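A.B. asks: Questions regarding the structure given below will be posed in turn.
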Amino acid sequence: QLSLYVPKPAALSIEEIRREVDPVQFRLIPAHVTLCREDELTDLPPVRARLRENRLAPVTLRFGGVEVFDGHGLLLPC
């Protein structure tokens, strides 16, 4: 999957919440935003090329309300 990880200084408060609310995911992976799931990355070379071309371009993400999934996961739709 293609993920954007939260920088450590910014992740401190997020990780405190994740440890309490979603300990399963907290143990599996650090605070992140999943940009693409595995099945959405079928043709990797063009994705890599676009990422290299736009690596300095700012990205703004807007999140919706929290949704619970799989009985333990938290999702903020983007």
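A.B. asks: Check each of the trypsin sites (Lys or Arg not before Pro) in the range 18-78 and keep only those in coil by DSSP with at most 16 other C-beta atoms within 10 angstrom; list them in order. Mind dumping the intermediate values first?
C.D. replies: Numbers: sites: 18, 19, 27, 37, 48, 50, 52, 55, 62; in loops: 37, 55, 62.
Loop-located and lightly packed - 37, 55, 62.
A.B. asks: Please compute, for the alpha-carbon atoms of the chain, the extent along each of the three principal axes and give them in descending order in Å.
C.D. replies: 38, 28, 23
A.B. asks: Could you give each residue of the range 45-52 its phi-based ³J(HN,Hα) in whole Hz, using Karplus coefficients 6.51, -1.76, 1.60 with θ = phi - 60°, and x for Gly or Pro?
C.D. replies: x, x, 5, 4, 4, 5, 5, 5
A.B. asks: How many percent of the accessible area of the chain is carbon or sulfur, using a 1.4 Å probe?
C.D. replies: Values: 3740 of 6470 Å².
Ligands and nucleic acids excluded, carbon and sulfur reach 58 percent.
A.B. asks: I've got another one for you. Find the relative contact order for the chain and round it to a whole percent, using C-alpha pairs within less than 8 Å whose residues are 6+ positions apart.
C.D. replies: 30 percent
A.B. asks: Right, another one. Pop a pseudo-label 7 angstrom from the Cα along the beta-carbon direction at both residue 13 and residue 44 and give the gap in nm to one decimal.
C.D. replies: 3.6 nm
A.B. asks: Also: Can you work out the accessible area per residue across the range 1-57, with the rest of the protein chains kept in place, probe 1.4 Å, in square angstrom?
C.D. replies: 82 Å²
A.B. asks: Mind listing the long-range amide H neighbours of residue 3? Cut-off is under 5 Å, sequence gap 5 or more, other chains count too, H placed in the peptide plane at 1.01 Å from N.
C.D. replies: 35
The values are calculated or read from the model by the stated rules, or taken from the named source; none is laboratory data. Values in this document were obtained by computation on a predicted structure and should not be read as measured data. FYI the Cβ positions are ideal-geometry reconstructions off the backbone, even for glycines, and counts take in every protein chain you see. The protein model used for the area step is the full one, side chains on, heavy atoms only, and it has no ligands, DNA or RNA in it. Shrake-Rupley method; radii C 1.70, N 1.55, O 1.52, S 1.80 Å.
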